[in-house]
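*Asks:* Below you'll find the structure I mean.
The values are calculated or read from the model by the stated rules, or taken from the named source; none is laboratory data. This structure is a prediction, so every number in the text was calculated from the model and none was measured. All Cβ positions, even for glycine, are placed from backbone atoms using ideal geometry, and neighbour counts span all protein chains on display.
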Amino acid sequence: MSDFVTPVLLAQVLSAVAEAGELIRDARNRPKKITLKGRIDLVTETDVAVEKLLKERLAPILPDADFMAEESAESYEPGDLTWIIDPLDGTTNFAHDLPMVAISVGLWRQGSVELGVVSIPVLDETFYAVRGEGAFLNGDPIRVTATDEPVNALVATGFPYSVAEDVDQITAALSRVLPATRGVRRMGAAAVDLAYTACGRLDAFYEMHLKPWDTAAGWLLVEEAGGMVTRFDGTTPYTPGAEDILVTNGQLHSMLSQLVVGRD
């Protein structure tokens, strides 16, 4: 185990995320109070309640840590020690009672994610990783796929809230990726896409305009499961809040980059 992320710290974080998952499950079948942050960007009272609960449970674990959380963040720049939290990734799914809803908790320390947890409470799945220690699903080790040809690859993507402004770029990439691969899926929650790439259900994932809380935990999951995470160009390192992200099993990285970007 990492010198910093001890077994006790990991257990405390998993316990906090499990409690947050119960809150989401309890709220799932109740009437939802929905408000708009943007034209198609929803927030529910459950988003706010889960974020509050996670902050309350995580704050005592590392009293010196800051928080960057979706419903309260004022910056996309994490400090030296920061919890990066998406309390309910897939709010639109949640509002429509679709199960692809995730809690994402990443612990950023001095320039990298040291701990990542992605929970899909409705499906009772908890993914977690500690830097240098591998990635796990409900306690069992996970690995990315060995797929090495796009024609055999199942790829995920997502559409940003700026879809109306970016539709031409989005559909251009899709028009290249879709016919070259086995298929394209759209889960509606980037944390799920990242976790599913880490465990081999997907071979790759790409998307534009994601925020740090969408990717922090899943980024570490993929890398610890043997995968690769960069910008769309396939070589530029990904950083929190970068304009785009390309995630693969590593074998497909260059080929998927060419398809997404449109290089020959």
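*Asks:* Name the residues in segment 101-145 that are over 27 Å from residue 62 (Cβ atoms), of a type outside the set (Ser, Thr, Tyr) and either buried (at least 20 other Cβ atoms within 10 Å of the Cβ) or modelled with pLDDT under 95 (or both), would you?
*Replies:* 144
*Asks:* Please identify the pairs in which a residue from segment 159-177 that is assigned by TED's automatic domain parsing to the domain that holds residue 232 has its Cβ atom under 9 Å from the Cβ atom of a residue that is in a helix (DSSP H, G or I) and modelled with pLDDT under 90, counting only partners at least 6 apart or on another chain.
*Replies:* Every condition considered, the pairs that remain are 159/166; 160/166; 170/163.
*Asks:* Residue by residue through segment 50-73, note down the ones that are under 16 Å from residue 14 (Cβ atoms), assigned to a loop (DSSP other than H, G, I, E, B) and touching a strand residue (DSSP E or B) at 6+ places or on another chain (Cβ under 8 Å).
*Replies:* Scanning segment 50-73 gives a single hit, 62.
*Asks:* Something else about it: Considering each of 215, 197 in turn, give the residue that is modelled with pLDDT of 95 or more, of a type in the set (S, T, N, Q), closer than 28 Å to residue 73 by Cα and in contact with a Leu (Cβ under 7 Å, 6 or more places away or on another chain).
*Replies:* Matching residue, one of 215, 197: 215.
Residue-by-condition table, conditions (1) buried (at least 18 other Cβ atoms within 10 Å of the Cβ); (2) more than 10 Å from residue 208 (Cβ to Cβ); (3) not aromatic (Phe, Trp, Tyr):
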| position | (1), (2), (3) |
| --- | --- |
| 152 | no, yes, yes |
| 156 | yes, yes, yes |
| 161 | no, yes, no |
| 168 | no, yes, yes |
| 175 | no, yes, yes |
| 180 | no, yes, yes |
| 185 | no, yes, yes |
| 188 | yes, yes, yes |
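*Asks:* Where in segment 183-264 are there helices (runs of 4 or more DSSP H), lying wholly inside it, with at least 2 residues that are closer than 26 Å to residue 55 by Cβ?
*Replies:* Result: 190-198, 212-224.
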